[in-house]
């Protein structure tokens, strides 16, 4: 089977939840004997390699403009898939889902993964939100098969598109923790004495709430924000200004590989104050490292099995501050750590996810619609 993948900025080591999802998933599907070509967006690829861990990379033009890049790139990728004589095209995310009808008209079998209602993101205007809703609807109506990453999204698809979907969770590998502190030393970060958040600098990630709440955390702790903005905005500039006003806040920029491993391995607490998520990979990563976690009580986060004290009311800076102080002191019990490991091994295992995804591909190819 020849599979063509679009809807992602690309791989490897390109920031974003969909990108991380694809980076873990497709090498495993290749190892199962399938041929996979993944379309990358040209502005995000510093070095155009032809292949990565067996996944063929098709480097396709995309305008470096937030409102245009996904739709233009997906349009071009569909014609590349047809030229490639792919058996199936897998479209990730609801924005690119706008192109599902075109792929079907060109005679292709289509699988769409709905990673979440992106129109709930605070950085989109009304026109963009309308287009995203349309993409969700068209992707849901025209795909041969739909994959969702949470029961919350499955309910949305059932309600808006009148269809059943295939529930396949995001996954996370079990890490080999880093013993090195070279990055921490270079940035002046003290092991086990910092809170870490891993996110893009966009409003729906709630980092402004975290910075405000951190003012009430004792002076012996630091706050490490691992991330940046894809496109510099007034919000991201203001966030960096807020961070610069507190000498205890460290901005690492986008990091991956060993650098991110170090940041997770030596953290004292992971925080996710998001207003919107699909299924949060960064939270699953933190759990895989056995970190204490504190997250907002949005539906996507509550789908992960955590004790009540590890949630705070979304947007409530006072409660966030109180729980940061509480959980920094409390840490994580051996029982919770074992439960985290069990969840990761059973529910968020990438090999299982790859097998489930291939089963959906086979079902889509058998579809007569």
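Here are some notes:
- Taking the criterion of being in a loop (DSSP other than H, G, I, E, B) and over 30 Å from residue 261 (Cα atoms), the residues of segment 146-181 that qualify are 162, 163, 164, 165.
- Scanning segment 72-123 for residues that are under 19 Å from the mean Cα position of the chain (by Cα) and surrounded by fewer than 20 Cβ atoms within 10 Å (Cβ to Cβ) yields a count of 6.
- Those residues of segment 225-249 which are touching a residue at least 12 places away in the same chain (Cβ under 8 Å) and more than 28 Å from residue 64 (Cα to Cα), in sequence order: 246, 248, 249
- Lone unmet requirement of (1) more than 27 Å from residue 362 (Cα to Cα); (2) at pLDDT 95 or above for residue 68: (2)
- Selection count where residues are within 30 Å of residue 353 (Cβ to Cβ), surrounded by 17 or more Cβ atoms within 10 Å (Cβ to Cβ) and more than 20 Å from the chain's Cα centre (by Cα), scope segment 172-194: 2
- In segment 198-215, the residues that are more than 19 Å from the chain's Cα centre (by Cα) and buried (at least 18 other Cβ atoms within 10 Å of the Cβ): 209, 210, 211, 213, 214
- Summed over segment 22-34, the residues that are farther than 17 Å from residue 174 by Cβ and surrounded by 21 or more Cβ atoms within 10 Å (Cβ to Cβ) give a count of 3.
- For segment 156-190, residues that are free of Cβ contacts under 8 Å to residues at least 40 places away in the same chain and closer than 30 Å to residue 140 by Cβ total 8.
- Helices (runs of 4 or more DSSP H) wholly inside segment 216-290 that include at least 3 residues being over 14 Å from the mean Cα position of the chain (by Cα): 234-244, 257-265
- Per the conditions (1) at pLDDT below 90; (2) under 18 Å from residue 165 (Cα atoms), the sole criterion not satisfied by residue 346 is (2).
- Counting the residues of segment 8-47 that are in a loop (DSSP other than H, G, I, E, B), more than 17 Å from residue 353 (Cβ to Cβ) and in contact with a helix residue (DSSP H, G or I) (Cβ under 8 Å, 6 or more places away or on another chain) gives 5.
- Scanning segment 39-54 for residues being within 23 Å of residue 79 (Cβ to Cβ) and surrounded by fewer than 23 Cβ atoms within 10 Å (Cβ to Cβ) gives a total of 9.
- Test: residue in segment 309-331 that is within 20 Å of the chain's Cα centre (by Cα), assigned to a helix (DSSP H, G or I) and within 18 Å of residue 207 (Cβ to Cβ): no
The values are calculated or read from the model by the stated rules, or taken from the named source; none is laboratory data. As the structure is a prediction and not an experimental result, all values here were calculated from the model. In this analysis, Cβ positions are derived from the backbone assuming ideal geometry, glycine residues included, and neighbour counts consider all displayed protein chains.
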